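For reference, the structure discussed in these notes is given below.
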Amino acid sequence: MREVIEIKLAEGEDAESIRDYFLEQYGPQVLGEPPRQGFNWLAWILPVVAVAGGGVFVWLRLQQMASTRRPSAARVARPEADERERRLDEELARYD
């Protein structure tokens, strides 16, 4: 393709006519990107929508997880646990 481009440039053709030649020979896939028209707009829009939607989903999920935290069973205050902790603290203080 580079050789063809060099030959056509040497013959005096402009870039637009060379581009049209390759489009006619190989179709729109020769450009390496889908044309921005018709159904092909989805190839340009869907990645952006997917990333934005994923970001919103993750953010909402994190918000939901943060708001529904419940205290674990170990953190629920029980009188006997408080008494044990107090005695443990007293005994440990003796060794300091």
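Summary of values
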quantity	calculated
Sulfur and carbon atoms: percent of accessible area, the chain [1.4 Å]	58
Label of the coordinate-derived value, semi-axes √(5λ) of the Cα gyration tensor in Å, listed as (i) 74, 19, 7; (ii) 29, 19, 9; (iii) 35, 19, 15	(i)
Total formal charge among the other residues, if their Cβ is under 15 angstrom from that of Leu23, Lys/Arg +1 and Asp/Glu -1	-3
Förster radius 41 Å - calculated FRET efficiency between Glu85 and Arg61, Cβ distance, rounded to 0.05	0.70
Per residue accessible area of the stretch 5-95, 1.4 Å probe, in Å²	90
Net charge dipole size for the chain [Lys, Arg +1 and Asp, Glu -1 on Cβ; Debye, nearest 20]	880
FRET efficiency, Tyr21 to Ala43 (Cβ-Cβ, R0 22 Å, nearest 0.05)	0.35
Value of [θ]222 nm, deg cm²/dmol, for the chain, DSSP H segments ≥ 4, -39500 (n - 2.57) each, nearest 500	-22000 deg cm²/dmol
Helix 41-67 vs. the chain, principal-axis angle (Cα, 0 to 90°, nearest 10)	0
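The values are calculated or read from the model by the stated rules, or taken from the named source; none is laboratory data. As the structure is a computational prediction, the values presented were derived from the model and not from experiment. Every residue, glycine among them, receives a Cβ derived from its backbone with ideal geometry; neighbour counts consider all protein chains shown. Surface accessibility is based on the protein's heavy atoms, side chains included, excluding ligands, DNA and RNA. Shrake-Rupley method; radii C 1.70, N 1.55, O 1.52, S 1.80 Å.
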